[in-house]
Amino acid sequence: MASMLTLALGIGANTAIFSVVYAVLLKPLPYAKSDELFNVFEAQPQKGITGTGWSYKNFAELREQNHVFSEMAGSQFHELTLTGRGEPSVVSTSVVTPELFSLFGEKALAGRVFFPEDSKPSAPPVVLLSENLWRGSFGADPNLIGNSINLDKRSYTVIGVMPASFRFPQPTKREQLWIPLVQDPLFSSWMNRRGGHWLRVAGRLKAGVSMAQAQAELDAISARLAKEFPAENGEWTIRMVPLQQMIVGNAKPPLLVLLGAVGLVLLIACANIANLLLTRATSRAREIAVRTTLGAGRARIVRQLLSETAVLGLLGGATGIALAYWGVQGLSSLLPESVPRVNAIRVDNVVLGFALLLSAVASVVFGLVPTLFAANSNLQRSLREGGGRSGESGGRRRARDFLAAGEIALAMVLLVAAGLLLRSFANLTSVSPRFEVQHIVKADISLPQFQYSTSQRWTAFSDELLARIQAEPRLQDSAVAVPRPIADGRINLGFDIVGNPLLSAGTSRTANYVAASPEYFRVMGIPLLAGRLFNQHDISTALRVSVISEAMARIYFPNQDALGKRLTFGFPPHGGAVREIVGIVGDVRDVALGQDPGPMMYVPFAQAPFWGANVVVRSTLSPSSVAAAIRQEVRKIDKDLPVTDVANLPDLIEASVAQPRFRTFLLGLFAAMALVLAAIGIFGVISHSVSQRTREIGIRVALGAQSKDVLKQVLQEGARLAAVGLALGLAGSLAATRLIATLLFGVKPADPLTFVVVAVILASVTLAASYIPARRATRVDPTVALRYE
């Protein structure tokens, strides 16, 4: 029973982790012939831009000129406000060219998909709903098709419903809808620009066309575009990457590390079971010898013993599959939302096949060595052993010792990896973001762009909202900023320094960009180091100004005063503005806790407003009270504006380290399992050794050996196993830690402290596991031991 449960635990854990690896890394995308689908990017490798989007004009020429893709489509996504159906709500909106659905071979569940005519500027606005949105917000109304809904205060005619299985460009379970690019209030205004890199492009490679052939044609097209439009396309190249690889992103290394770790746990479990079976084979040596004497051939003995282990393996596999179902449910609830394709994780036929194959392989692994030893036992010695107690050959003893040392070695690899990740996570969570976190609440108010169509209206709304919020008790510390650190990602822009020589080809100056109201720095606790902050006079008609971070001053203005210098940069439609640096503020970790602060440039929100109000409020009130107050003030301005994405900044900081926390927790759990299994294995080996040496120990005691001498002798055996296992584990750990080097923060893969602590823990556990049988050996009665057979 113990062997079956040990095996079931190992197989269940491996199956659960494999279900995640298979769904995320190996399972084909839910599109027809998904291996033919590619993302197509523009890139400037010499400037570190490995992949970005397209302008619509460049995409149109690429689609027309290429001969290697059977279809190409462009897409983007953002959010629009749905009104007229109860409370206003924000819906995830995919903005696409009409070819998207033919690219993926998708048909509507009801109604139709987009036609080419829907992409004409004069075409009436139309929309496709996801099945989830149709059922959730519209009660699966069959009469909705042909009727209108209001998005951003504009009427769109519903022409179809897409099945829930179709999700693009956002492969999530979120409710979403699709509108033609030409009908989008934001991106349609960018369609006539040759410059810009905002449109995501996907294509289906023609049958029989290799990636090399496709890349050669893309190179020719990029050269042609660079020649015809050098200002917008000079130095830009085109690259293509399989769509599945793009969706997986950087999730591959940590998932493979977890799969390898849980595989080591199964190996330790198999070594444990093999040791138990070796013990059983020793006790059955006389039985097997009798069978052999009566005519049973070696092959028949091997078949019999392997069939017994196969039954154990199948029972363990069946129990492991049951555990895997439970494990997958647990993993799905623990997995961070940032892990791609979470919705595809399940125990399906492929995962079941993996579990059954794993059970068969494990049966052979833990059953083969004991079976071969049993089949090759010495007949004469086995038949001479009396009382059914067979002695143990030197080969079997060495095999058992090797298995036990191997368990220690594998456990050390896992413990070292877990220790490094634990120290890395501790370092990560102890890092200061360099801005105020406690009592900060953020909320988003998206403005319908058909109603709020000018930057003046955006500024007026933000000013009025801030004035109303700041008039509320305990909400005076409020500001508007886009993007906010950690919560919103980053906007990275290139810039030039007025009066400095132009940079050579292949180099550029970039910094992260933030548009913020004057109160932002005080609310977020970002200190002023030199100059001044923004004030109420920094409006759209005033001198354009900027505040930069300490890192930007240090990197781009070394050994000089940055105040008074002028920069040229801007976010569309404010690009190319000349701004004077009026202040320098402290650095913040705006992208992630694990990323060092980089150069940042801030501009007054009034001089570069966005189409919404992204609010931050510092208050001792509860987040729900802050959210209620913001909603109340927003309704007073416009009752059709939803307040969304309300969150506590500490919660967002916690969420930002969800992936490192998850993999550290799982690897720590596997390491703990390995440690327990290794301790059980050592205990079994030493206990069996003591039982086999009972007569010898009795003679030693009869001849005057003291209890401490017997204790020391048995503990030395455990220490010997620990030394061999630690030596093997040290070599294995040094090799394995290289695989997790990219997952570490603030700690080296060969960290001496981690190795020493793990070695001490393993040595202590080994000696503790040896101590119980050692104490039993000191209580051997010489009279009983001398009669022992």
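The values are calculated or read from the model by the stated rules, or taken from the named source; none is laboratory data. Just so it is clear, the structure is predicted and the values come from calculations on it, not from any experiment. Note that each Cβ is placed from the backbone with ideal geometry, even for glycine, and that neighbours are counted across all protein chains shown. Please note that ligands, DNA and RNA were not included when accessible areas were found on the heavy atoms of the full protein model with its side chains. Shrake-Rupley method; radii C 1.70, N 1.55, O 1.52, S 1.80 Å.
If you scan region 560-577, which residues turn out to be of a type outside the set (A, V, I, L, M, F, W, C) and within 41 Å of the chain's Cα centre (by Cα)?
Filtering region 560-577 for residues of a type outside the set (A, V, I, L, M, F, W, C) gives 560-561, 564-566, 568, 570, 572-576.
Correct list: Arg566, Thr568, Gly570, Pro572, Pro573, His574, Gly575, Gly576.
Quick check: is even one residue across region 43-63 in contact with a helix residue (DSSP H, G or I) (Cβ under 8 Å, 6 or more places away or on another chain), outside any helix (DSSP H, G or I) and of a type in the set (Ser, Thr, Tyr)?
yes
Can you tell me how many residues within region 65-98 are within 16 Å of Gln183 (Cβ to Cβ) and open to solvent by 40 Å² or more (accessible area, probe 1.4 Å)?
Looking only at region 65-98, we keep the residues that are within 16 Å of Gln183 (Cβ to Cβ), and these are 73-82, 91, 93-98.
Applying the additional criterion that residues be open to solvent by 40 Å² or more (accessible area, probe 1.4 Å) yields 77, 79.
Residues flagged as within 16 Å of Gln183 (Cβ to Cβ) and open to solvent by 40 Å² or more (accessible area, probe 1.4 Å) within region 65-98 amount to 2.
Going by the conditions given, is Arg346 at pLDDT 65 or above, out of contact with any Lys or Arg (no Cβ under 7 Å at 6 or more places or on another chain) and either not in a helix (DSSP H, G or I) or not basic (Lys, Arg) (or both)?
Values: at pLDDT 65 or above: yes; out of contact with any Lys or Arg (no Cβ under 7 Å at 6 or more places or on another chain): yes; either not in a helix (DSSP H, G or I) or not basic (Lys, Arg) (or both): yes.
For Arg346, the condition - at pLDDT 65 or above, out of contact with any Lys or Arg (no Cβ under 7 Å at 6 or more places or on another chain) and either not in a helix (DSSP H, G or I) or not basic (Lys, Arg) (or both) - is met.
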Would you mind stating whether Glu42 is of a type in the set (Asp, Glu), open to solvent by 40 Å² or more (accessible area, probe 1.4 Å) and touching a residue at least 12 places away in the same chain (Cβ under 8 Å)? no
Within region 15-35, tally of residues that are open to solvent by less than 40 Å² (accessible area, probe 1.4 Å), out of contact with any Phe, Trp or Tyr (no Cβ under 8 Å at 6 or more places or on another chain) and assigned to a helix (DSSP H, G or I): 9
Out of Gly725, Gly718, I need the residue that is surrounded by 14 or more Cβ atoms within 10 Å (Cβ to Cβ), in contact with a Ser or Thr (Cβ under 8 Å, 6 or more places away or on another chain), of a type in the set (Gly, Ala, Ser) and over 26 Å from Leu422 (Cα atoms). Which one? Gly718
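Here is a yes/no grid of residues against (1) more than 14 Å from Trp54 (Cα to Cα); (2) out of contact with any helix residue (DSSP H, G or I) (no Cβ under 9 Å at 6 or more places or on another chain):
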residue: Asp184; (1), (2): yes, yes
residue: Val201; (1), (2): no, no
residue: Ala207; (1), (2): yes, no
residue: Ile221; (1), (2): no, no
residue: Ala226; (1), (2): no, no
residue: Glu232; (1), (2): no, no
residue: Gln244; (1), (2): yes, no
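Quick one: count up the residues across region 585-627 that are aliphatic (A, V, I, L, M), open to solvent by less than 20 Å² (accessible area, probe 1.4 Å) and not in a helix (DSSP H, G or I).
Initial filter on region 585-627 (aliphatic (A, V, I, L, M)): 585, 588, 591-593, 600-601, 603, 606, 608, 613, 615-617, 621, 626-627.
Right, trim to open to solvent by less than 20 Å² (accessible area, probe 1.4 Å) and you get 585, 588, 593, 600-601, 603, 608, 613, 615-617, 626-627.
Filter once more, so that each one left must be not in a helix (DSSP H, G or I): 585, 588, 593, 600-601, 603, 608, 613, 615-617.
Of the residues in region 585-627, 11 are aliphatic (A, V, I, L, M), open to solvent by less than 20 Å² (accessible area, probe 1.4 Å) and not in a helix (DSSP H, G or I).
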Taking region 210-265 and keeping only residues that are free of Cβ contacts under 8 Å to residues at least 12 places away in the same chain and either more than 30 Å from Ala16 (Cα to Cα) or assigned to a strand (DSSP E or B) (or both), one is left with Ser210, Ala212, Ala216, Ala220, Ala223, Ala226, Lys227, Glu228, Pro230, Gly234
Given Ala750, Ala777, which one is more than 32 Å from the chain's Cα centre (by Cα) and either surrounded by fewer than 20 Cβ atoms within 10 Å (Cβ to Cβ) or more than 30 Å from Val657 (Cα to Cα) (or both)? Ala777
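Condition check: touching a residue at least 40 places away in the same chain (Cβ under 8 Å) and open to solvent by 40 Å² or more (accessible area, probe 1.4 Å). Does Thr742 satisfy that?
Details: touching a residue at least 40 places away in the same chain (Cβ under 8 Å): yes; open to solvent by 40 Å² or more (accessible area, probe 1.4 Å): yes.
Judged against the criteria, Thr742 is a match.
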Any chance region 228-244 includes a residue that's at pLDDT 90 or above and acidic (Asp, Glu)? yes
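Restricted to region 417-463, and to residues that are charged (D, E, K, R) and in a strand (DSSP E or B), which residue is nearest to Val265 (Cα to Cα)?
First, pick out the residues of region 417-463 that are charged (D, E, K, R): 423, 434, 436, 442, 444, 457, 463.
Subsequent filtering for residues that are in a strand (DSSP E or B) retains 442, 444.
On the way: Lys442: 43, Asp444: 46 Å.
The extreme case among them is Lys442.
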